[in-house]
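Asks: The structure is given below, and queries will be raised subsequently.
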Amino acid sequence: MPEPVNVLYISYDGMTDPLGQSQVLPYLCALSVKGYKITLLSCEKPSRFNQSKNIIEDICNQADINWQPIPYTTSPPVVSTIRDIYMLKKKARALHKRYHFKIVHCRSYISALIGLDMKHKFKTKFLFDMRGFWADERVEGGLWNLQNPLYNIIYKFFKKKEKQYFEQADQTISLTYLGKNEIHSWDNLKNQPIPITIIPCCVDTDLFDPSKISQEQKESLRKRLNISASEPVLGYLGSIGTWYMLEEMLDFFKQLKNKYPNAKMLFVSPEPKEMVINKAYSLDIDESSIIITSAKRKEVPLYISIMNYSIFFIKPCFSKKASSPTKQGEIMSMGIPVICNAGIGDTGYVVEKYRSGIAIDNFTEEAYGRAIEDLTMRQFSRADIRQGAINFYGLEKGVENYEAVYKLLSK
């Protein structure tokens, strides 16, 4: 039997965050089963750590993952992040002395600072799991104002580091083909084309499974939400935040109501109701046709199951070329067609390849009208849409791709 390969996985996101539980642990548990000895180093927010520590410990213990959490700090801004980076680096070096890692797998840009350091100091393999153009996301999302000299310096620092990551990583993981093509178009990178593997955000296709929801459950939910069986439902899933275009989505719904006057729009979102209702009111949309509710994660599949279509429009900007909206896979896994905008990661490609909805090119009445006409003319196969989600977003496919990268870096 060959010696198991020791892997250090570093995440600045906590495992006690929802994202850690949905997008990190499922992969690592599966890779551990395949024989990789994984040490997981993560920064944990104290409140969430106290609340969910035992749950994550149980998951890691069952999967034989060596979890090494350290505290995530927030105060003072910037200085606290520098301290976190120092503590991650110190801990990673100490762990390497004990476990002699072959691969250092870094989730996003802050963790990659440590991966690059480990490569230089210990000659470990550096796997850069980029997750998106992070520095540009911070600027375009309004979190870093470049008019502020401090944030300008930080942005330039990470753009310089980004170039080093791409040039020096033994392998880069991109969530999207569009992101990969963008990186490969950069003339200022050495060693082009740099090695990039595509692994989109995974979806729990066991949780998002329409066969596990009964007709009675659907009818009961429709009754509770006051939606009759004859009323078409356009759904929106998740937070709205910085990136999602509420006004344009409501505009689309308004035009849909011209064709189907009894249509309802269902928001399954933690956002305050007033935010959505006020925007709908400003667009002359009758409040009675808008329903806003929140749901626990395990309840979300039921809410999706009563939708005829689901919509998400994302603000078009450079950083979104590398984004993989998890909701697209979850909605498809339930067999529901999506209405989205093209140019956001691989959304348009997936819609076309798996005949799983409509991707619009611009936010005009004409574009909305064409999309609505297209929706009414086309016959969507819910079974085929779900199969598309399994093929593209399924955990097994993602694990297979990660394992291929690990094998490559283990040589």
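The values are calculated or read from the model by the stated rules, or taken from the named source; none is laboratory data. Quick caveat, the model's predicted, so the values are computed rather than measured. Counting neighbours? That spans all protein chains shown, and the Cβs are built from the backbone with ideal geometry, glycine included. Note: areas computed on protein heavy atoms with side chains; ligands, DNA, RNA excluded. Shrake-Rupley method; radii C 1.70, N 1.55, O 1.52, S 1.80 Å.
Asks: Relative contact order of the chain, please, whole-number percent, based on alpha carbon pairs below 8 angstrom and at least 6 residues apart.
Replies: Rounded, it is 14 percent for the chain.
Asks: Compute, for residue 139, the solvent-accessible surface of its heavy atoms (probe 1.4 Å) with the complete set of protein chains present, and express it in square angstrom to the nearest 10.
Replies: Accessible surface of residue 139 is approximately 40 Å².
Asks: Let me ask something additional. Subtract the Cα-Cα distance of residue 3 and residue 278 from 0.36 nm times their separation in residues, and report this length gain in nm to one decimal.
Replies: Here the segment from residue 3 to residue 278 would lengthen by 92.9 nm.
Asks: Suppose R0 equals 22 Å; then what is the FRET efficiency for residue 262 and residue 211 from their Cβ-Cβ distance, rounded to the nearest 0.05?
Replies: FRET efficiency, residue 262 to residue 211: 0.15.
Asks: Counting Lys +1, Arg +1, Asp -1, Glu -1, what net charge surrounds residue 216 among other residues with beta carbon under 14 Å of its beta carbon?
Replies: In short, +4.
Asks: Still on this model: Mind checking the angle between helix 108-122 and the chain's longest principal axis? C-alpha axes, 0 to 90 degrees, to the nearest 10.
Replies: So the helix axis and the longest Cα principal axis differ by about 20 degrees.
Asks: Let me cross-check residue 43: its accessible surface, 1.4 Å probe, with only protein heavy atoms counted, in Å² to the nearest 10?
Replies: For residue 43, solvent-accessible area is about 0 Å².
Asks: With a 1.4 Å probe and all protein chains left in place, how much of the accessible area of segment 305-411 comes from carbon and sulfur atoms, in whole percent?
Replies: That fraction is 48 percent.
Asks: Per residue, what accessible area does the chain have, given a 1.4 Å probe and all protein chains present, in Å²?
Replies: Here the residues of the chain average 47 Å² of exposed surface.
Asks: Roughly what angle does helix 46-62 make with the longest principal axis of the chain, taking Cα atoms, 0 to 90 degrees, to the nearest 10?
Replies: Tilt relative to the chain: about 80 degrees.
Asks: Something else about it: From the phi of every residue in segment 31-44, what ³J(HN,Hα) in whole Hz does the Karplus formula 6.51 cos²θ - 1.76 cosθ + 1.60 yield, where θ is phi - 60° and glycine or proline is x?
Replies: 6, 5, 4, 7, x, 7, 8, 9, 9, 10, 10, 9, 9, 10
Asks: Let me ask another. Keeping the other protein chains in place, figure out the carbon and sulfur percent of the accessible area of segment 1-138, with a 1.4 Å probe.
Replies: The C+S portion of the solvent-accessible surface of segment 1-138 is 53 percent.
Asks: Explain nothing, just compute: Karplus ³J(HN,Hα) = 6.51 cos²θ - 1.76 cosθ + 1.60, θ = phi - 60°, for every residue of segment 256-272 in order, whole Hz, x for Gly and Pro.
Replies: Whole-Hz 3J(HN,Hα) from phi for segment 256-272: 4, 5, 5, 8, 10, x, 8, 5, 10, 10, 10, 9, 9, 8, x, 5, x.
Asks: Around residue 67, which amide H atoms from residues at least 5 apart in sequence, or from another chain, sit under 5 Å from its own amide H, with H modelled in the peptide plane?
Replies: Result for residue 67 returns 40.
Asks: Using the beta-carbon distance between residue 408 and residue 231 and R0 = 35 Å, what value does 1/(1 + (r/R0)^6) give for FRET efficiency, to the nearest 0.05?
Replies: In this case the efficiency is close to 0.10.
Asks: Express in nm, to one decimal, how much length is gained between residue 184 and residue 315 on full extension, taking 0.36 nm for each residue of separation and deducting their alpha carbon distance.
Replies: 44.8 nm
Asks: Oh, and also: Given 50, 322, 211, which one lies farthest toward the positive end of the charge dipole of the chain, if we put +1 on the Cβ of every Lys and Arg and -1 on the Cβ of every Asp and Glu?
Replies: Farthest towards the positive pole: 50.
Asks: Moving on. So how strong a dipole does segment 152-253 carry about its Cα centre when Lys and Arg Cβ are +1 and Asp and Glu Cβ are -1, to the nearest 20 debye?
Replies: Computed about the Cα centre, the dipole is about 400 debye.
Asks: Subtract the Cα-Cα distance of residue 160 and residue 379 from 0.36 nm times their separation in residues, and report this length gain in nm to one decimal.
Replies: Gain on stretching residue 160 to residue 379: 74.0 nm.
Asks: Could you pull the accessible area for residue 403 with a 1.4 Å probe, rounded to 10 Å²?
Replies: 40 Å²
Asks: A further question follows. In whole percent, what relative contact order does segment 290-411 give with Cα contacts below 8 Å and a gap of six or more residues?
Replies: Dividing the mean separation by the residue count of segment 290-411 yields 22 percent.
Asks: With axes computed from alpha carbons, what is the tilt in degrees of helix 149-168 against the longest principal axis of the chain, rounded to the nearest 10 within 0 to 90?
Replies: Helix 149-168 sits roughly 70 degrees off the main axis of the chain.
Asks: Here's something else I'd like to know. How far apart, in nm, are the 7 Å Cα→Cβ label points at residue 148 and residue 47?
Replies: 2.1 nm
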